[in-house]
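The values are calculated or read from the model by the stated rules, or taken from the named source; none is laboratory data. Keep in mind it's a predicted model, so treat the numbers as computed, not measured. Quick reminder, even Gly has a Cβ in these numbers, built from the backbone with ideal geometry, and neighbours come from all protein chains shown.
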Amino acid sequence: MLNPDTTAFVFPGQGSQSIGMGYDLASNHPSAKKIFTKANKILGLDLSGLCWEGPKAKLDDTYNTQPALYTCSMAVLTALQEKLGEFTPAFAAGHSLGEISALAATGAMTFEDGLKLVRERGRLMRLAGENNPGGMAAILKMGSTRLMEICKQASQETGLYVQVANDNCPGQLVISGDNIALDRAIDLVVNSESCKAVRLPISIAAHSPLMSYISDEYNNAVHSIVFSRPNTKIVGNVSVTHINTPDEIKKELGNQLTAPVRWRETIEYLLGKGVTNFVEIGTGKVLTGLLRRIDRKASGHVIDDNNAISQIVSA
């Protein structure tokens, strides 16, 4: 049985998208369909059609991916809340982009403001990628301390930036930066450590200094929003602590562009606060998979279709 005091809602970020996401829920829950319809109207495009039918290349464009994932998470949340009633979790958190979903889900911002912000975030990140081309790579079976040393060496040797961008779980890290420095870091990982490095199919260096190109413009978008105190404790990716006030929220969101996503530490923080149930709200099961690598005793629940909602409500 889910206990609000030991439950956290977690929201996925980029990489979780897939064609068909949200369709089952929208077909079974008018409230979820209404969220997609509202997003279509606000953005002036058929976002629901893109989520449900693709094409994949267009859905994977960060300009579209970010509002698609955000809308899907909010549609799932709406359908879930309709069934759970007054259930309010003790904590909420989101992986990178998912942090904006968490903020909207807990009343810190309106759905419309959140949607417009993720659309602008996607536009600006794509712009940064066009003007400061870079990339990202997943590094497997290496500790974060050693990988930070390798990134520092690669940056010094090339005179360019590469850094740890995501600390997802033990044995799964992501590095991000200029392509030349990134390639050098990959060489050092593979040749000196016999660890695995997988170049990701992405042309932007998210969560690296290359994103500073659009920092001012993004901060302007963040500061244009009227934030409220969230009704649930939110743990930030950058600070790995509660972000409660509007000023703390704005600072967290602004720093997110260039700072690493400390997801492993975020989950460990929540575990330390007594959270035993993690409910992944959106599409896919990326965060639940990471949870199993962090603590196998914790319970993860993937909520992305009507059947999953029925199961968790009956529990």
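In the range 265-290, the qualifying residues are those that are more than 14 Å from the chain's Cα centre (by Cα) and among the aliphatic types (A, V, I, L, M), and the one that is surrounded by the fewest Cβ atoms within 10 Å (Cβ to Cβ) is LEU271. When we screen GLN172, GLN153 for residues that are among the polar types (S, T, N, Q) and either closer than 27 Å to LEU291 by Cβ or surrounded by 23 or more Cβ atoms within 10 Å (Cβ to Cβ) (or both), the only hit is GLN172. Restricting THR245, THR266, THR288, THR276 to those that are out of contact with any Ser or Thr (no Cβ under 9 Å at 6 or more places or on another chain), closer than 26 Å to SER310 by Cα and not aliphatic (A, V, I, L, M) reduces the list to THR288. Of all residues in the range 259-315, those satisfying the criterion of being in a helix (DSSP H, G or I), among the small types (Gly, Ala, Ser) and at pLDDT below 95 are ALA308, SER310, SER314. Within the range 149-168, being over 16 Å from ALA205 (Cα atoms) and of a type in the set (A, V, I, L, M, F, W, C) holds for one residue alone: ILE150. Summed over the range 119-150, residues that are surrounded by 21 or more Cβ atoms within 10 Å (Cβ to Cβ), in a helix (DSSP H, G or I) and of a type in the set (Val, Ile, Thr) total 1.
Yes or no: ASP167 farther than 25 Å from GLY289 by Cβ, surrounded by 18 or more Cβ atoms within 10 Å (Cβ to Cβ), modelled with pLDDT of 95 or more and outside the structural domain of VAL275 (by TED's automatic domain parsing)?
Against the criterion (farther than 25 Å from GLY289 by Cβ, surrounded by 18 or more Cβ atoms within 10 Å (Cβ to Cβ), modelled with pLDDT of 95 or more and outside the structural domain of VAL275 (by TED's automatic domain parsing)), ASP167 does not qualify.
Of note, SER96 satisfies the criterion of being in a loop (DSSP other than H, G, I, E, B) and under 22 Å from VAL240 (Cβ atoms).
Within 17 Å of the chain's Cα centre (by Cα) and surrounded by fewer than 17 Cβ atoms within 10 Å (Cβ to Cβ): is that true of LYS250 in this structure? Yes.
For ILE214, are the conditions met, namely being under 27 Å from LEU59 (Cα atoms), aliphatic (A, V, I, L, M) and either out of contact with any helix residue (DSSP H, G or I) (no Cβ under 9 Å at 6 or more places or on another chain) or assigned to a strand (DSSP E or B) (or both)? Break it down stepwise before answering.
Numbers: under 27 Å from LEU59 (Cα atoms): yes; aliphatic (A, V, I, L, M): yes; either out of contact with any helix residue (DSSP H, G or I) (no Cβ under 9 Å at 6 or more places or on another chain) or assigned to a strand (DSSP E or B) (or both): no.
Judged against the criteria, ILE214 is not a match.
Which of the residues belonging to the range 223-258 are in a loop (DSSP other than H, G, I, E, B), in contact (Cβ under 8 Å) with a residue 40 or more places away in the chain and of a type outside the set (S, T, N, Q)? Hits for the range 223-258 are ILE225, VAL226, PHE227, ARG229, PRO230, GLY236, LEU257.
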